[in-house]
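First the structure, in the form of structure tokens, and then the observations on it.
The values are calculated or read from the model by the stated rules, or taken from the named source; none is laboratory data. Computed from a predicted structure; not experimentally measured. Here Cβ is always computed from backbone atoms with ideal geometry, including for glycine, and neighbour counts include all displayed protein chains. Only protein heavy atoms, including side chains, enter the accessible area calculation; ligands, DNA and RNA are left aside. Shrake-Rupley method; radii C 1.70, N 1.55, O 1.52, S 1.80 Å.
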Amino acid sequence: PSSAIWWGAYGILNDPIYDRLPAPVTGLTREVLSQAIAGMMSGTTAAILTNPMDVVRLRHQLYGFNSASETFRTLMRDEGAIALLNGVT
């Protein structure tokens with residue numbers, strides 16, 4: 001899912017970023033700069049959206065719950081929703 005989100009976000013972001021760069025930035029520099037900014041923003045988006053799944057997967061592997069849903073329920077009950085973002089910050 002991370003790669004799909006990354007590429008989807010990159011495809012959406014690259015052209016608008018390119019169009020909004022200041023006029024003095026031209027040519028290859030403009031292209032590379034827009035790609036770098038879109039890549040960073042896409043990576044951040046993918047990390048934030050997929051991190052909850054990674055937290056549940058890791059807890060499931062570490063603590064040996066019977067299912068991912070049991071892991072999720074236990075995590076929510078014991079630590080709250082904020083625990084799903086562990087590792088993002």
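Tabulated values for the structure
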| quantity | calculated |
| --- | --- |
| Residues satisfying the stated conditions in the stretch 1-42, i.e. among the aromatic types (F, W, Y) and open to solvent by less than 50 Å² (accessible area, probe 1.4 Å) | Y10 |
| Pairs, first closer than 16 Å to T50 by Cα and assigned to a loop (DSSP other than H, G, I, E, B) in the stretch 63-89, second open to solvent by 60 Å² or more (accessible area, probe 1.4 Å) and of a type in the set (V, I, T), C-beta under 8 Å, six or more apart | V88/I48 |
